[in-house]
Each structure stands twice: as structure tokens, then as C-alpha cells.
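Here the structure is laid out as C-alpha cells; the discussion comes afterwards.
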Amino acid sequence: MMAAVGAATGVTAMGVGVTTDRLGLAVAGSALLIVSAMTICVLVVLQALRDTAAERAALIEERDLAIAAQVGIASERERLRDDLARGRKAAQDLLARERAAMFQALEEKRFAIQSEGVETGILLALSGSLDEMPASTGVLLQLPVRQPFDGAVLVASDD
């Protein structure tokens, strides 16, 4: 405000000095005008610097929030990896238990089939059914007997 008043006074003094042919008043008015203009420029620059400082503080705050968010995301990602690893481990354990139970059931079934076969064989032996040969009802095919190779060289013909 004071710089604006000084600039107005400088313009007035310069105008009065020029119109009344008083060189000292004109020079003093122009000097006052230049000093007031420089003061106004310095005030504008200082205001811009203060605004920059406020913006810088806001940016620093936003950067701190972004870093905190990145840390939160990294910890959440690590938690998810741990959860996935625990899930994979639990699934592998479940698969191993189910596989063991399946093999156990298979062994029990195989043992039951073997026991039934042995029991059937014993019953057949006790009943005498195994002593007599069953009559064959099928046709027996006689395959030709292979002739031994005597080492003679086979000659290819061009027929």
C-alpha cells in the first residue's frame, strides 16, 4: 500500500516538475517512482516465494502420505503372500491326507479281494472241485513251429 502511494506521489512530483520546469522535482519524482516500482516488484516476488513455500509444504505432506500409502501397500502385499503360502501349505497337507486315505482304502480293498480269493480257493479245494480237470469246450489252434535259422545268406531277387 505504501509503495503504491509512493509511486503515485512520484508520478505526481514528476508531472509537476516537468510542467513547471523544475528539474529537481521531476528527477525526485522519477526516483520515487522507480523506488516504489522496485518495492512493488520485490513484494510480488516475496509473495510468490511465500506461495511456493506453502505449495512446497503441501507437496511434502502429499509425499509423506504417498510414502505411508506405499508402506501400507507393501505390508498388505506381504500379508497376502503369507496368506497364499499358508493356503498352499494347507492345500498340500489336505492333498497328502486325502492321498494317504485313498491308498489306505485301496490297500483294504485289495486285501479284501485277496482274502476272498484265498477263501474261494480253500472252499474249492475242500469241495474237491479242483481235483478234476474241466472239459475243454474251445478249439485249440496249433501254431506252426519256427524253423531254426541255419546262417545261410538270403539272396534277394529282382523279380
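Counting residues in the range 74-97 that are in contact (Cβ under 8 Å) with a residue 24 or more places away in the chain and either assigned to a helix (DSSP H, G or I) or closer than 30 Å to VAL5 by Cα (or both) gives zero. Just one of the numbered conditions (1) surrounded by fewer than 14 Cβ atoms within 10 Å (Cβ to Cβ); (2) modelled with pLDDT of 80 or more is not true of ALA53: (2).
The values are calculated or read from the model by the stated rules, or taken from the named source; none is laboratory data. Everything numeric here is computed off the predicted structure, so don't read it as measured data. Every residue, glycine as well, gets a Cβ built from its backbone with ideal geometry; the counts of neighbours run over all protein chains shown.
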